1. Can you order the peptides 246-255, 221-230 by their average number of other Cβ atoms within 10 Å per residue, highest first?
2. When the gyration tensor of the stretch 86-202 is built from Cα positions, what are the square roots of 5 times its three eigenvalues, in whole Å, from largest to smallest?
3. Please work out the average accessible area per residue across the chain, using the 1.4 Å probe convention, and give it in Å².
4. If you take the square roots of the eigenvalues of the alpha-carbon gyration tensor of the stretch 173-262 and sort them as a ≥ b ≥ c, do you get rounded (a/c under 1.5), prolate (a/b over b/c) or oblate?
5. Given only helices, namely DSSP H runs of n ≥ 4 each adding -39500 (n - 2.57), what is the per-residue ellipticity at 222 nm of the chain, to the nearest 500 deg cm²/dmol?
6. Summarise the accessible area of the chain (1.4 Å probe, protein heavy atoms) by the percent that is carbon and sulfur.
7. Which of the peptides 19-30, 137-148, 47-58 is most tightly packed, and how do the rest follow, judged by the mean count of other Cβ atoms within 10 Å per residue?
8. May I ask you to order 265-272, 127-134 by the average number of other C-beta atoms within 10 Å around their residues, highest value first?
Amino acid sequence: METRQGDACGKVILFGEHSVVYGYPAIAVPLKNLRITVIAEESDKDLIEEESPEKKEKVQQSLNTARQMLGISQKFRIKLISKIPIGAGLGSSAALNVALLRALKQGITVEKTAEVAYEMEKIYHGTPSGIDTAVSAYEKPIFFIKGQKPEFIAVKPLNIVIANTGDRVPTKKVVAEVREKREKEPEKYDRIMAKMGEISENARKHLEKGNINEIGLLMSQNQKLLEQIGVSSPELDNLISIALENGALGAKLSGAGKGGCIVAIAKDRESAERIKEGLKKHAKETSAEII
Ligand code: PMV
């Protein structure tokens, strides 16, 4: 029986989470060191090697969708080896879907991977914007508008620090809460979302030029808007304050929020290490990355 392997990376959203769901642009970058590997061994029946029954069921549904969309009839024994924390805003489900597709169909194009992974992502997130699956499939910094092909951004090397609160809140739940609030106060929410979109537009230019001070400022402005739509939390706010006190040029939550991770931008590698050290005893996990 043949065994195949697929691999994919996680991501961090630098600008525009939530507003991206409503058609405004957002920016995400791949986390190349944070990866998942899927091993698919041909088998006479499907077998997902996962302890959590809930996750097992989701992976089975993903597998069914992939098989149907790719026209594959073979059954598989599936094993996952992941370094990406689940429900932390680092794109674990998107990476799982991308890696699964690469294991099932060797040589699948990136375009097809992004398209099918987006359908698979609906199993996890209900109404995803597609940003997570796109950045994981292309493994490049992207400027993303829902329903459009992502545009690649030539980001000048950037020192970022990521810290995880350790609280897990499902993206689906947070996105649904924001939708409900927006339905009650459409004007207020659309005004805020439009501002988030403007920040992404602006940030793109600064990322291309490597204007780190401006990028930091825009991240902190984005955070204020995320607070206004109610997706921050005392734990996220605390990590953001610690990052800023330790010299970050800007910081915000990343992903759906209410838990999960923050992302901060640092002046250089040394500063990133200092920020990481400062965050260490207050966060479940921390890492310093160069994008
Ligand atoms: O929490 P994550 O990493 O799945 O990011 C969600 C980003 C949202 O904008 C909140 C939702 C989406 O589908 O884009």
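The values are calculated or read from the model by the stated rules, or taken from the named source; none is laboratory data. Computed from a predicted model, the values in this text were never measured in an experiment. When we count neighbours, we look across all protein chains shown, and the Cβ atoms used for this are built from the backbone with ideal geometry, even at glycine. These accessible areas exclude ligands, DNA and RNA; they are computed on the full protein's heavy atoms, side chains included. Shrake-Rupley method; radii C 1.70, N 1.55, O 1.52, S 1.80 Å.
1. Going by the mean number of other Cβ atoms within 10 Å, highest first, we get 246-255, 221-230.
2. 25, 19, 16
3. Ligands and nucleic acids excluded, the figure is 44 Å² per residue.
4. It comes out oblate by the Cα gyration axes.
5. When only DSSP H runs of four or more count, the value is -15000 deg cm²/dmol.
6. 49 percent
7. By packing density, highest mean first, the sequence is 19-30, 137-148, 47-58.
8. Going from most to least packed, we get 127-134, 265-272.
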